[in-house]
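To start, the structure itself, in structure tokens.
The values are calculated or read from the model by the stated rules, or taken from the named source; none is laboratory data. Treat the numbers as computed from the prediction; the structure is a model and nothing was measured. As a convention, Cβ positions derive from the backbone with ideal geometry for all residues, glycine included, and neighbour counts pool all protein chains shown. Accessible surface is based on the protein model in full, side chains and every heavy atom, while ligands, DNA and RNA are left aside. Shrake-Rupley method; radii C 1.70, N 1.55, O 1.52, S 1.80 Å.
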Amino acid sequence: MKQTASLYRTFLRSMALAVMLLHSLLQAPGALADTSVWEVSRGDARLYLGGTIHALRPSDYPLPEEFEYAYAVADEIYFEVDLKAALDPAFQATALQNYSYNDGRSLYSVLSEEVYIDFYTLAGSFGIPAGALDNLKPSPATTTVLFLELGNIGFGPQGVEMHFLQQAERDALSQGSLESLEFQTSLLANLGEGNEDAMVADFLEQIGTLEDYMNEAVSAWREGDIGRIDEYLLTDMAEEFPEDFEAMFTRRNRNWLPQIMAMLDDADIEFVLVGVGHMPREDGLLELLRREGATVRLLDLQEP
């Protein structure tokens, strides 16, 4: 029975691949590639590295065909963390504990009076009463408001990862992860530690331009434009909060590098999905992989 299911899955993915290849052949000559997918190879071994956006609009689907191509040829799919486990209510309860103060501190105690009032003025516009988020650390507190504002401008949580998690579950495609849920939860919970007031003030300053920011970020993501991805996703954080940037991007890129390189040691084809912000810069995944001897090229199904 297991062999039959595997053959059936292989058939479906082969058909999907054939349809996408036919579609690419029918595109107008000279059409621009829309992609944030890179082919990484060493010798005859290869994998696909997809940069993701965690929140998208319904109008952002279908995804660029390079994403669906990489999924169709993959033997395994890798996410940053075990997304299926992340949806488990038991884990979410544990995560909430990590996201919350348990040492007598609160948002009120770590923020200046001005920033605290401004934060709840914004939160109140979404129906959140003053003080309701006081038990949360600044990063999850601001993220709560951020996702409400994203919803206001048409973005939902059905980003690239959730799209492919659903496909992988349906197709029984083997899944893996690059880091533990516990590590990522702790990282996100403690962003801005010791610099809480500046982080929340920066969030309040930027939230008014969120729609323009997201439009530009999604456009750069679709085109695989590394320079613009750097500009819109990384530059401000790297300059204003270098310690958080080091923890969120640089250190994790280095941690993931040996795992990704090891995937090139066998004949399986992996599709690795990580936030697109991990791609640019000298310490981004693309350059780190090149330094390790891998060949990295932007995937373009329009190439002859």
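Tabulated values for the structure
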| quantity | calculated |
| --- | --- |
| Residue tally, condition assigned to a loop (DSSP other than H, G, I, E, B) and open to solvent by 20 Å² or more (accessible area, probe 1.4 Å), over the stretch 270-304 | 10 |
| Considering residues of the stretch 168-201 that are of a type in the set (D, E, K, R) and part of a loop (DSSP other than H, G, I, E, B) only, the residue nearest to Ile260 (Cα to Cα) | Glu179 |
| Single unsatisfied condition, Leu133 versus (1) surrounded by 14 or more Cβ atoms within 10 Å (Cβ to Cβ); (2) touching a helix residue (DSSP H, G or I) at 6+ places or on another chain (Cβ under 7 Å); (3) part of a helix (DSSP H, G or I) | (3) |
| Filter result for Gly51 (closer than 15 Å to Gly159 by Cα and at pLDDT 90 or above) | yes |
| Members of the stretch 227-258 found to be of a type in the set (Ser, Thr, Tyr) and open to solvent by 20 Å² or more (accessible area, probe 1.4 Å), listed by number | Tyr232, Thr235 |
| Of all residues making up the stretch 77-103, the number that are under 13 Å from Tyr48 (Cβ atoms) and open to solvent by less than 40 Å² (accessible area, probe 1.4 Å) | 1 |
| Residue within the stretch 39-60 that is more than 30 Å from Ala267 (Cα to Cα) and assigned to a strand (DSSP E or B) present | yes |
| Qualifying residue in the stretch 147-162 (condition: among the polar types (S, T, N, Q) and over 19 Å from the mean Cα position of the chain (by Cα)) | yes |
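Residue-wise test of (1) modelled with pLDDT of 95 or more; (2) exposed (fewer than 14 other Cβ atoms within 10 Å of the Cβ).
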| residue | (1), (2) |
| --- | --- |
| Leu122 | yes, no |
| Pro157 | no, yes |
| Phe164 | yes, no |
| Leu173 | yes, no |
| Asp197 | yes, no |
| Leu210 | no, no |
